[in-house]
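The values are calculated or read from the model by the stated rules, or taken from the named source; none is laboratory data. The model shown is predicted, which means the values in this text are computed figures rather than measured ones. All Cβ positions, even for glycine, are placed from backbone atoms using ideal geometry, and neighbour counts span all protein chains on display. Quick note on the areas: whole protein, heavy atoms, side chains included, nothing else; ligands and nucleic acids left out. Shrake-Rupley method; radii C 1.70, N 1.55, O 1.52, S 1.80 Å.
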Amino acid sequence: MNEDLMQKIMGEVMKKMADAPATEAPEAKCAAKEEAEKVPCTANFTGCGLTEFVGTAIGSTIGLVIANLDAGIHEALKIDPKYRSIGIIGDRTGAGPQIFAADEAVKATNSEIVLIELPRDTEGGAGHGSLIIFGAEDVSDARRAVEVTLKELDRTFGDVYGTSAGHLEFQYTARASYALNKAFGAPIGKSFGITVGAPAAIGVLLADTAVKAANVDVVGVSTPGNGGTSYSNEVILTFSGDSGAVRQAIIAAREVGLQVLKTLDGTEPTSTTVPYI
Amino acid sequence: MNEDLMQKIMGEVMKKMADAPATEAPEAKCAAKEEAEKVPCTANFTGCGLTEFVGTAIGSTIGLVIANLDAGIHEALKIDPKYRSIGIIGDRTGAGPQIFAADEAVKATNSEIVLIELPRDTEGGAGHGSLIIFGAEDVSDARRAVEVTLKELDRTFGDVYGTSAGHLEFQYTARASYALNKAFGAPIGKSFGITVGAPAAIGVLLADTAVKAANVDVVGVSTPGNGGTSYSNEVILTFSGDSGAVRQAIIAAREVGLQVLKTLDGTEPTSTTVPYI
Amino acid sequence: MNEDLMQKIMGEVMKKMADAPATEAPEAKCAAKEEAEKVPCTANFTGCGLTEFVGTAIGSTIGLVIANLDAGIHEALKIDPKYRSIGIIGDRTGAGPQIFAADEAVKATNSEIVLIELPRDTEGGAGHGSLIIFGAEDVSDARRAVEVTLKELDRTFGDVYGTSAGHLEFQYTARASYALNKAFGAPIGKSFGITVGAPAAIGVLLADTAVKAANVDVVGVSTPGNGGTSYSNEVILTFSGDSGAVRQAIIAAREVGLQVLKTLDGTEPTSTTVPYI
C-alpha cells in the first residue's frame, strides 16, 4: 500500500519532469556535442509520451528509465535493492558500441552497471545485440546515464564496418571503467581495446594481427563456443596496455580486417558513422 | 523382426487412416471453429501424402506424427518408452503461441508433453521458434494433439505484434495445464500469463508495468543470458494470479509496449491475427 | 625479439610463396578436380594480397592461414603449442559441409583438427555456421588443409537443400576421420552419415525415418536445447554402420524430407550444387 502510494507519487513526479523544459536538454546537449566534437549525434529524445521513454539511437537502440522498479522484478533480475531506479539500454545490433558508450556514462554519472547480457541477434547478421541495465539511487542519475550512452553511440559506431558477408568492430578507450570491467574483465583505469571479426575465422586473424603489432596484454579471446559470444559467429579479442600500444594494435588489425572481409562478397566495408581510432 | 512387423502393420494402418474420411475432419472442424469463435483458422491439413504429415499453420509451423517412434531415437531423446507414438510441432516463429496452443491440446486429448525446446530463430527477427513433442500411447491421440495445436494458433498469435525493429507478445490462459507447466513452471490449474518484449530492454519495461498494474505473482523473468530465452533478444515475464488480475496486468503492459516499440522505427505495431486478450 | 625475428622471416617466406607459381596451383587443381569428378569447383583463391589469405568458397566460407600464431592467442584458444601454424575455415552457412570437407583435408594432409565450433548463424536462416581450426607443425600443411577443404565444399553442399522456410542436409563418408570424430563423435574408420532438418520438427522425422530404413547405429541426436546445435532450429541425427546401410538410411530420409519441407511454403527444395549421395 505504501509501495503503491510511493509509486503514484513517483509517477506524478516523473510526469512533471517530462513536461518541464529539462526534457529538451538532451537534444540541446546533443547539438552542442555535435558542434564540439565534429561527430554526428543522431540520438532522438522525442517520439513517445511515456515517462519511462528516454530516447532511441543508431543500431536499433532504445533507452528507458524506471523510477522505482517493482520489488518482484528487482529480485528476479538479482539487482541490489539499494538501486531503486534503473536505466535500460537495449539494441538489436552492436553490444561493443553500447558497452563502450555505457562505460563513458558510468564515468560521467552517479550510477552503476548492474547487468550486461549479449543476445544473439544483429537483425539477421552474424553478431549480437545487448541489454545493459544501470542502477542508481536517484532516477535522475539513471536517466542521465541512459542519455549519455545514447549520445556516445554515433562515436562508438565509428569503427564498426559491415557488409552483407560479415562485420568488423574496433573499440578503444584511454581508461576503462566499470562497464568494460563487467562485460569484458577490463582492468579498471587502464587503456583497453577490442577487435571483433565475423565470420569468426576473420576474428582469429584480427586477434593474431593485433597482438603481434604492439606490446599489449591479452585479457581474453571469445569464440562462438567458449561462452563469450552467446554462440554468435564472431571472435573477440580484448586487451589492455599503454595507450599508444592499444591503438597501434587496433590500427594494424583494422588494416588487415578491411582487406580480408572484402574477399567474401567483393564489397568494400565502410564505417557505420565516422572512424574515431 | 517383431519390431519391423509391427512397424509395417502400423504403417498400413496409418495409410488407411489417411485415406479414410477422418483426414477431412480437421478441416471441417477448422471451419466450424472459425464460425463459432469468430477467429480465422488458417491451419492447412493438406499438401503432403506422407502418413506422418498432419498440417501446417501460421508462424512457419509444421505438425507431424510418428506412430511408432524408433527405439534408438526414443532413447536419444529421453522420452518415456510407454509413449510409442509422438506428435511433433515445430516452427520458425513463435514459441509462446505454440506452447499456449499445445496447452489447450493437452487438456483436450489423451497426451502428455514430453519435450519443449526453444531454438534461437524467428527467421531473422529477435526471438525464437519452438520444438514441442507430445507423447501418447495411441497414435490417434498424438495426431489429435497436433491438430488441436495447429488450429489454436490463429487465436494465440492474436496478441503477437511485430515491426522490423522488434516484437511484443502477450498470452493468457484461465487455467494453465502441463505444457505451460513444463515450459514456464506455470502452477497447474491457475490463471497464467506472459509478457514478451524484444529488443530485451522493452521486455524489462513490460515486466515492470505488468506487475505494478495488478496483484499478480511473478513466476519468473527470463533474460537473454539467464537461460530462459536461448540467447534471444527478449525479456519474458511469467506470472499467475486470479483471472482478472492476470488480464489486467497484460492489458497494462500491452498499452505501454505498443507505444514504446513504435519509437524504434516509427511503425505502428499490428496484431498478427486478431487480439484475444 | 627472437620471436619477432622469426615472424619477420616467416612473413618474408610466406610472401615469396605467395608470389611463386605455387599460388596458382590450387586453381589448377580445382579445374582438374572439376574435370575428373564432374562436380563444379567454385572455390576462389584470388582477391586478396595478404599472405594469410587462402581463398573463399560457397556458403560464405573463408580460408585463412597463420604461419606462426602468437603465443598469447595460442594459449587463449587452448591449442597445443606444438602446432605453430594454423589453418582456419570460417563460414556463415553450413557446418556440415565444412566439417565433412575438413575431414577429407585431415586425411589428405599432415594436419590435425584443433577446434570446431558452431555459431548460431546461417545469414538469417534456421541453422549455424562453423569455425574450424587445423593445427600443423609446418605452414604449408596448414595451408594445404585449408585449400583441400575449400575445394571439397562444392561436393559437400550437394545434399544441402534450402527454401525460405527451412533446410535439409545429408552427409555421408565411407570412412570417418578426426574432424568428424571431434565434431560428432564419429567412430574413426567407419562409414558415417548425418541427417539434418530445420525447423527442428522435420529433423525428428528424418532421424526416425533414417534409423528405420536400414540397420545403422545411432551415434547421437542433437536438438535445439541439448547442447548439440548451439540453439539453432535443427535436429541432427549422427549414425554409423556399413557403407550400404548408411547410404540407404540417408536416401530414405532425404525422400521424406523433400516432401515435408515443401509443405511449409510450397517451394520445391533444390540442391545447393549437385547431390552426391
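Inspect all residues belonging to the range B:71-93 and state whether any of them is at the interface with chain C (Cβ under 10 Å from one of its Cβ atoms), in contact (Cβ under 8 Å) with a residue 60 or more places away in the chain and surrounded by fewer than 21 Cβ atoms within 10 Å (Cβ to Cβ). Yes: the range B:71-93 contains one or more residues that are at the interface with chain C (Cβ under 10 Å from one of its Cβ atoms), in contact (Cβ under 8 Å) with a residue 60 or more places away in the chain and surrounded by fewer than 21 Cβ atoms within 10 Å (Cβ to Cβ). Would you check if C:Val274 is open to solvent by 20 Å² or more (accessible area, probe 1.4 Å) and in a strand (DSSP E or B)? Criteria not met by C:Val274. Within the range C:52-70, if we keep just the residues that are hydroxyl-bearing (Ser, Thr, Tyr) and modelled with pLDDT of 90 or more, the residue that is surrounded by the most Cβ atoms within 10 Å (Cβ to Cβ) turns out to be C:Thr61.
Number of residues in the range A:249-268 that are within 25 Å of A:Leu153 (Cβ to Cβ), open to solvent by 10 Å² or more (accessible area, probe 1.4 Å) and not hydroxyl-bearing (Ser, Thr, Tyr) equals 5. Once the range A:175-191 is narrowed to residues that are open to solvent by less than 10 Å² (accessible area, probe 1.4 Å) and part of a helix (DSSP H, G or I), the residue that is nearest to the other protein chains (Cβ to nearest Cβ) is A:Ala179.
For the range A:119-134, indicate whether the set of residues that are at negative phi and either open to solvent by 30 Å² or more (accessible area, probe 1.4 Å) or assigned by TED's automatic domain parsing to the domain that holds A:Ala183 (or both) is non-empty. No: zero hits. With respect to (1) of a type outside the set (Lys, Arg); (2) away from every other protein chain (no Cβ under 11 Å); (3) in contact with a Ser or Thr (Cβ under 6 Å, 6 or more places away or on another chain), the lone exception for B:Thr156 is condition (3). The number of residues in the range C:192-250 that are of a type in the set (Lys, Arg) and more than 7 Å from chain B (Cβ to nearest Cβ) comes to 1.
Looking only at the range C:124-147, decide whether some residue is more than 10 Å from every other protein chain (Cβ to nearest Cβ), under 30 Å from C:Ala201 (Cα atoms), within 9 Å of the chain's Cα centre (by Cα) and not hydrophobic (A, V, I, L, M, F, W, C). Scanning the range C:124-147, I find no residue that is more than 10 Å from every other protein chain (Cβ to nearest Cβ), under 30 Å from C:Ala201 (Cα atoms), within 9 Å of the chain's Cα centre (by Cα) and not hydrophobic (A, V, I, L, M, F, W, C), so the answer is no. Among the residues of the range B:38-70, the ones that are among the aromatic types (Phe, Trp, Tyr) and within 9 Å of chain C (Cβ to nearest Cβ) come to 1 in all. Looking at A:Val204, is it touching a residue at least 24 places away in the same chain (Cβ under 8 Å), in contact with a strand residue (DSSP E or B) (Cβ under 6 Å, 6 or more places away or on another chain), aliphatic (A, V, I, L, M) and buried (at least 24 other Cβ atoms within 10 Å of the Cβ)? Taking the combined requirement at face value, the residue satisfies it. Within this structure, C:Gly197 fails the test of being assigned to a loop (DSSP other than H, G, I, E, B) and more than 21 Å from C:Ile132 (Cβ to Cβ). Given the criteria open to solvent by 10 Å² or more (accessible area, probe 1.4 Å), within 10 Å of chain B (Cβ to nearest Cβ) and over 19 Å from B:Ile202 (Cβ atoms), does A:Lys107 qualify? Taking the combined requirement at face value, the residue does not satisfy it. Just to be sure before I move on: is C:Val211 assigned to a helix (DSSP H, G or I) and of a type in the set (A, V, I, L, M) in the structure I sent? So C:Val211 fits the description; yes. Just to be sure, is A:Gly241 outside the structural domain of A:Ala95 (by TED's automatic domain parsing) and surrounded by 24 or more Cβ atoms within 10 Å (Cβ to Cβ)? When the stated conditions are applied, A:Gly241 does not pass them.
Which residue is nearest to C:Glu123 (Cα to Cα), if the candidates are limited to the range C:207-238 and must be small (Gly, Ala, Ser) and open to solvent by less than 10 Å² (accessible area, probe 1.4 Å)? The qualifying residue nearest to C:Glu123 (Cα to Cα) is C:Ser232. The condition of being outside the structural domain of A:Val106 (by TED's automatic domain parsing) and out of contact with any strand residue (DSSP E or B) (no Cβ under 7 Å at 6 or more places or on another chain) holds for A:Lys212. The conditions of being crowded, with 24+ Cβ neighbours inside 10 Å and in a strand (DSSP E or B) are not met by C:Ile99. With the condition kept exactly as written, say whether any residue in the range A:19-36 is assigned by TED's automatic domain parsing to the domain that holds A:Val114, at pLDDT 65 or above and under 30 Å from A:Asp121 (Cα atoms). Yes, the range A:19-36 has at least one match.
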